[in-house]
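First comes the structure, then the notes that go with it.
Read-outs throughout are calculated quantities, based only on the coordinates presented, and are distinct from any laboratory measurement. Values in this document were obtained by computation on a predicted structure and should not be read as measured data. Backbone-built Cβ (ideal geometry, glycine too); neighbour counts: all protein chains shown.
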Amino acid sequence: MKVLPRPYHHGNLREALLKAAEQALEDGGLPSMSLRELSRELGVTHASPRRHFAGKQDLIDALAARGFERMDAILGRAAKNNGQVFKTRLTKFARAYVGFALKHPALCGLMFEAKHRPGAPKELLQASDKAFSHGRALFADGQASGEVVEGDPYRLALVAYASLQGLISISTAGKFKGISLDTLVPEIMDRIILGLGPRN
């Protein structure tokens, strides 16, 4: 019986590769993600992905950039000014950030590692900057409404990001000492607001 060769094309192969790569990443970590294995899984020749990604690092960078684009959309919606007070907006924003990180732990780890890699592509860095710009804009709004102390809004937002990232890092399955992060996030934001509130 004649064995037919695997197809070179797979519809939107780039998109299929990114989806399969993310699944492989979440299932088995970075070592389990290889262009050859992904090609086999998608039923295409092992040379097919080279039309979209020169190598594994290119795939990693594209996956990280895609992750930041998704984070950008989620944080953008959370930070949108709907006439709410700063505290409410900040808590909503923080919950969105933590929710994304907990839902995609391996992807987030890859995203942060990729953006700090020497020689990271411009597109990846731009996607990262855009995603994190929502925190800066949120704190700038807080300053404009007199609810946040003066200073560089980027550095003020960094306090919130660092606190949330620390909380995520020491949590287990979305909990810390049995307490859900969804419960802890508002408490932490309350304390940040106390520290970053305007001085009399």
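Sorted on the mean count of surrounding Cβ atoms within 10 Å across their residues, most packed first, peptides 175-181, 122-128 read 122-128, 175-181. For a straight C-alpha distance cut-off of 13 angstrom, the aspartates and glutamates reachable from Lys87 (same-chain residues fewer than eight places away being disregarded) are Asp141, Glu147, Glu187, Asp190.
If you bin all the Cα-Cα distances of segment 31-73 at 10 Å, starting from zero, the percentages per bin are 27, 48, 22, 2. Rounded to the nearest 500, the helix-only mean residue ellipticity at 222 nm of the chain stands at -22000 deg cm²/dmol, with each DSSP H run of n ≥ 4 adding -39,500 (n - 2.57).
With q set to 0.15 Å⁻¹, the log10 of I(q)/I(0) for segment 57-196, from the Debye formula over equal scatterers at the Cα positions, is -0.74.
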